[in-house]
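Report on one structure; see the data block that follows.
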Amino acid sequence: MAIEEERFRWIRNHQEKLRTYLYSGLMDAAHRGDSNCSKVEKTIILPSSHTGGPRYRVQNYQDAMALCKWAGYPDLFLTFTCNPKWPKINDMINLIGQKDDENRVNTICRLFEIKLNQLMHDLKNEQPFGKIIASEHIDKIISAEIPDSNIDPDGYNAVIKFMIHGPCGKLNSNSPCMMQGRYTKHFPKKFNDRTTIDANGFPVYKRRNKGIRIEKKGVILDNRYVVPYNRNLIVKFDAHINIEICNYSRSIKYLFKYVHKGSDRATVRIQSIDTSEEIDEIETYLDCRYISTTEACWRIFQFDIHYRQPSVERLPFHLPREHTVIFGEKDYVDDVLSKPGIRQTKFTEWLETK
């Protein structure tokens, strides 16, 4: 949090560089006789350049939706979870004389970033999934069954190690996925002889009752508790990699909420509310803010929080005379309104070229 606080301190002390208002609003201020810009728009702004802030999330979400409009909705939703028991992590911990991997989050983050880059390389260059056009193609890339240990021992070991959900429900009412006695993850699933797509467009994966069962935490589980996976990926990366078919825009919204959700946490503070006080976006953002050691290391190492390909050029859309104007706290309104090009924006110039 020390690095985060230092960034917030810089933002607070440089608000004059971030002070913005609508052009029409400045015109109204001029008509009112408010010549001093320090009286205009007293909100303390948390800019979109701050990683994880509200403007940051909204802009990246809008970029993702622009890609969906251009290329269509995503076909696959993949979740890659770090495995803290990777051999290279254990080798490093032993090398420096540590026993608990939880104390070496920096090592875990560095190795996971290497694995993540390798996964992205494989997805883009080897293209293991190809194009999905029907249910039979889904079965070639996604499975929700326990492999036969005699036919595929590597796949079997990876699935029982990383891809078995639970036990939950009546088998374990204290499971994290249980909330007020209900299954939040909808396990166990039903047996199915073939993969289908339901009326809402969601896949119902093939889960045959083949009699293959495994034991987890003293409970016998079958294919109804298997999290969908791609066999080659979980074997190669030795980690939990959940992959799902998706064809709807809500998956994009879920992705951004999932990435920035943080840990479950609640903080209560009693204070008076004075509506005359200035709006402080930094204070609002910091309320109940929690940064785990993993996220802290990831941010310190400057690893990518958000990545997209192809890139998106943001075009700030606005109504006539409703574009944003940037000005300093010590500027005069009339001087700001008389600046050359004050009425020109990227959007208006783009319209001129059309």
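Could you say which residue among Glu313, Glu295 is surrounded by 12 or more Cβ atoms within 10 Å (Cβ to Cβ) and at pLDDT 70 or above?
On the way: Glu313 fails: surrounded by 12 or more Cβ atoms within 10 Å (Cβ to Cβ).
Going through Glu313, Glu295 in turn, the sole match is Glu295.
Go through (1) modelled with pLDDT of 80 or more; (2) surrounded by 16 or more Cβ atoms within 10 Å (Cβ to Cβ); (3) not basic (Lys, Arg) and name the single condition Ile11 misses.
(1)
From Pro203, Pro167, which residue is within 25 Å of the chain's Cα centre (by Cα) and not hydrophobic (A, V, I, L, M, F, W, C)?
Values: Pro167 fails: within 25 Å of the chain's Cα centre (by Cα).
Selected residue: Pro203, the only one of Pro203, Pro167 that is within 25 Å of the chain's Cα centre (by Cα) and not hydrophobic (A, V, I, L, M, F, W, C).
Return the residues of region 142-193 that are within 15 Å of Asn232 (Cα to Cα) and among the β-branched types (Val, Ile, Thr); say none if nothing qualifies.
Across region 142-193, the qualifying residues are Ile142, Ile146, Ile151, Val159, Ile160.
Kindly indicate whether any position in region 262-271 is modelled with pLDDT of 90 or more and more than 20 Å from Cys82 (Cβ to Cβ). Even if it seems obvious, please write down each step before you answer.
Taking region 262-271 and keeping what is modelled with pLDDT of 90 or more, we get none.
Scanning region 262-271, I find no residue that is modelled with pLDDT of 90 or more and more than 20 Å from Cys82 (Cβ to Cβ), so the answer is no.
Among the listed residues Ser143, Ser175, identify the single one that is within 16 Å of Asn242 (Cβ to Cβ) and hydroxyl-bearing (Ser, Thr, Tyr). Even if it seems obvious, please write down each step before you answer.
Details: Ser175 fails: within 16 Å of Asn242 (Cβ to Cβ).
Selected residue: Ser143, the only one of Ser143, Ser175 that is within 16 Å of Asn242 (Cβ to Cβ) and hydroxyl-bearing (Ser, Thr, Tyr).
Tell me, which residue of region 178-194 that is under 28 Å from the mean Cα position of the chain (by Cα) and under 26 Å from Asp139 (Cβ atoms) is least open to solvent (accessible area, probe 1.4 Å)?
Phe187
For region 195-216, which positions are in a loop (DSSP other than H, G, I, E, B), open to solvent by less than 50 Å² (accessible area, probe 1.4 Å) and closer than 29 Å to Asn157 by Cβ? First the steps, then the outcome.
Keep residues of region 195-216 that are in a loop (DSSP other than H, G, I, E, B), which gives 195, 198-202, 205-206, 208-213.
From the residues that got through so far, the ones that are open to solvent by less than 50 Å² (accessible area, probe 1.4 Å) too are 195, 201, 205, 211-212.
Selection gives Thr195, Tyr205, Gly211, Ile212.
Residues Gly52, Gly25: which one is at pLDDT below 80, within 24 Å of the chain's Cα centre (by Cα) and open to solvent by less than 60 Å² (accessible area, probe 1.4 Å)? Quick ask: steps written out before the conclusion?
On the way: Gly25 fails: within 24 Å of the chain's Cα centre (by Cα).
Every option except Gly52 fails the conditions.
State which residue is least open to solvent (accessible area, probe 1.4 Å) when the search covers only region 79-121 and only residues that are assigned to a loop (DSSP other than H, G, I, E, B) and among the polar types (S, T, N, Q).
Here is the first cut: in region 79-121, the residues assigned to a loop (DSSP other than H, G, I, E, B) are 81-86, 96-100, 104.
Narrowing further to those that are among the polar types (S, T, N, Q): 81, 83, 98.
Values: Thr81: 59, Asn83: 11, Gln98: 65 Å².
My answer is Asn83.
I need a count of the residues in region 298-310 that are in a loop (DSSP other than H, G, I, E, B) and surrounded by 14 or more Cβ atoms within 10 Å (Cβ to Cβ). Steps first, answer last, please.
In the first step, residues of region 298-310 are kept if they are in a loop (DSSP other than H, G, I, E, B); the result is 301-310.
Next cut, surrounded by 14 or more Cβ atoms within 10 Å (Cβ to Cβ) only: 303, 305-306.
Number satisfying all stated conditions: 3.
Which count do you get for residues in region 316-354 that are at pLDDT below 80 and in a helix (DSSP H, G or I)?
5
Restricting to region 203-232, name every residue that is in contact (Cβ under 8 Å) with a residue 12 or more places away in the chain and of a type in the set (A, V, I, L, M, F, W, C).
Hits for region 203-232 are Val204, Ile212, Ile214, Val219, Leu221, Val226, Val227.
The values are calculated or read from the model by the stated rules, or taken from the named source; none is laboratory data. Every value quoted in this text rests on a predicted model; they were computed, and no experiment measured them. Glycine also receives a Cβ, built like all others from the backbone with ideal geometry; neighbour counts cover every protein chain displayed. Surface accessibility is based on the protein's heavy atoms, side chains included, excluding ligands, DNA and RNA. Shrake-Rupley method; radii C 1.70, N 1.55, O 1.52, S 1.80 Å.
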